[in-house]
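So the structure is just underneath, and the comments pick up after that.
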There are 2 protein chains.
Amino acid sequence: METMTALAQEGTFSSASSPNVTDTAKQGVDHTACRAVNDVLSRVGDKWSMRVVMNLDGGAMRFNELRRAIDGISQRMLTRTLRGLERDGLVSRTVTPSIPPRVDYALTSLGQSLREPVRALGDWAMANRAAVEDARAVFDSGCDDRDHA
Amino acid sequence: METMTALAQEGTFSSASSPNVTDTAKQGVDHTACRAVNDVLSRVGDKWSMRVVMNLDGGAMRFNELRRAIDGISQRMLTRTLRGLERDGLVSRTVTPSIPPRVDYALTSLGQSLREPVRALGDWAMANRAAVEDARAVFDSGCDDRDHA
DNA sequence: CCGCATCCCTGCCGATACTG
DNA sequence: CAGTATCGGCAGGGATGCGG
C-alpha cells in the first residue's frame with residue numbers, strides 16, 4: 001500500500017484534504033479528488049461558462065452587453081450559464097428596477113479565485129496548443145492514410 | 001461511425017472580425033486564449049478523461065486493468081476516451097502482438113505536463129467545494145423560499 | 001431590456017453483441 | 001484480452017415567440 005506514497009506526494013489532488021488516505025493505491029486516486037475535479041471541470045468545462053467568466057473579468061456587465069461580447073451565444077444559453085454560475089456562487093446578479101430594467105452580472109470573489117487555476121490551464125493550452133494540433137494531425141493521418149511511409 | 005470529438009470544433013468564435021478592439025479593457029480577454037482554454041477544457045472536462053489520466057499517473061496500464069480501476073466506465077467510453085486522449089498526444093498506446101494481445105496505455109510527457117495545471121484546478125475544487133455547495137444550497141433556498149421578509 | 005417557455009435536432013453515453 | 005458496431009435513452013443547446 002505504500003507503493004504509491006511517493007507518487008501521492010508528488011502530485012495527487014488529495015494532498016491537502018485527505019488526512020486519512022485509506023488506500024491511495026491504484027484505486028484510491030479516483031475517489032474524492034477525482035469527484036471534485038470532475039465537478040469543477042463539468043461546471044467550467046461546458047461550452048460557455050469560461051467565456052462568460054473571462055468576459056466578466058473586466059468588470060460587471062449587463063445581460064445584452066455580455067451577449068454582444070460573447071456573440072456566438074444564444075440568449076437561452078447565456079441565461080442558463082449565468083444561472084448556473086450564480087447558483088454556484090461564482091457570479092453575482094444585481095437587478096436595478098428601472099425602466100427599462102437593468103441587470104448587472106459580476107464575478108464574486110469565488111469566481112475571481114477560480115480564474116487563477118483556470119489561467120494556469122489556459123497557459124498550458126496556449127503553450128501546448130500547437131503540440132496537440134500536431135498530434136491530432138498525425139493521428140488523423142495515421143488513421144486515415146495507410147501509406148505506410 | 002460517430003465523430004469522436006465534436007466538442008473542439010464549435011468555432012463560431014469569429015468575433016475577431018471586429019477590428020475595433022480599442023476597448024480591450026473590457027474585451028481584455030484574448031480570443032485565442034479563450035478558444036484554447038475552451039478546447040482543453042472540452043477535452044479534459046468530459047466525463048472520463050480525468051479519471052483515465054489520473055489512473056495512468058501511476059504508470060502504464062492495460063485496457064481491462066484500467067477498466068477495472070475506473071470501474072464505472074463502460075468499455076465503449078474507455079475506448080473512446082483513450083482514443084481521444086491518444087489523438088491529442090496525451091496518452092500513448094503500445095500494442096504487444098501476443099496471445100492474448102496486450103495493449104498498454106501510458107501518459108506521454110504532454111499528458112504529464114497537463115497534470116500540473118489540472119492539479120491546480122483540483123486544488124481549487126477541493127478548497128472551495130464547500131463554498132460552492134453552500135452557495136448552491138443558498139441559491140436553492142432563496143429561489144424556492146421567499147419568507148425572508 | 002431581461003428572461004422564460006416551447007419545439008426540435010444533434011451528440012453523448014450506456015448496454016449489448018460480435019470479431020480477431 | 002482488446003476493440004468495434006448498433007440501438008436506444010437522455011441531456012445539451014439553437015431558434016423562435018411571449019411576458020414582465
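Derivation of every value follows stated rules applied to the coordinates shown; laboratory data play no part. Bear in mind that the values here come from a model prediction, so they are computed numbers and not experimental data. When we count neighbours, we look across all protein chains shown, and the Cβ atoms used for this are built from the backbone with ideal geometry, even at glycine.
General observations
- Per residue of peptide B:109-121, the mean number of Cβ atoms on other chains within 10 Å of the residue Cβ is 6.
- Neighbour net charge for B:Asp46 - beta-carbon separation under 11 angstrom, K R +1, D E -1: +3
- Per-residue HN-Hα couplings for region A:118-128 [Karplus 6.51, -1.76, 1.60; θ = phi - 60°; Hz; x = Gly/Pro]: 5, 5, 4, 5, x, 4, 4, 4, 5, 6, 10
- Average beta carbon contacts from partner chains per residue of A:68-77, 10 Å cutoff: 2
- Residue-averaged beta-carbon neighbours from other chains (10 angstrom radius) around A:125-137: 6
- Stokes-Einstein D (µm²/s) once Rh is taken as the Kirkwood radius of region B:33-131 over alpha-carbon pairs, at 10 °C in 1.306 mPa s: 111
- Ordering B:Thr108, B:Val138, B:Met126 by the projection of their Cα atoms onto the charge dipole of region B:89-145, which places +1 on the Cβ of Lys and Arg and -1 on the Cβ of Asp and Glu, puts B:Thr108 at the extreme positive end.
- Qualifying trypsin sites (Lys or Arg not before Pro) for region B:51-149 [loop in DSSP, other Cβ within 10 Å: at most 16]: B:Arg146
- Simple label model, 7 Å out from Cα along Cβ direction - B:Arg136 to A:Arg68, nm: 3.5
- Most positive-pole-ward Cα, B:Ala69, B:Ala36, B:Ile99, against dipole of region B:36-149 from beta carbon charges: B:Ile99
- Label point distance in nm, A:Ala106-B:Ser109, each placed 7 Å from Cα along Cα→Cβ: 4.6
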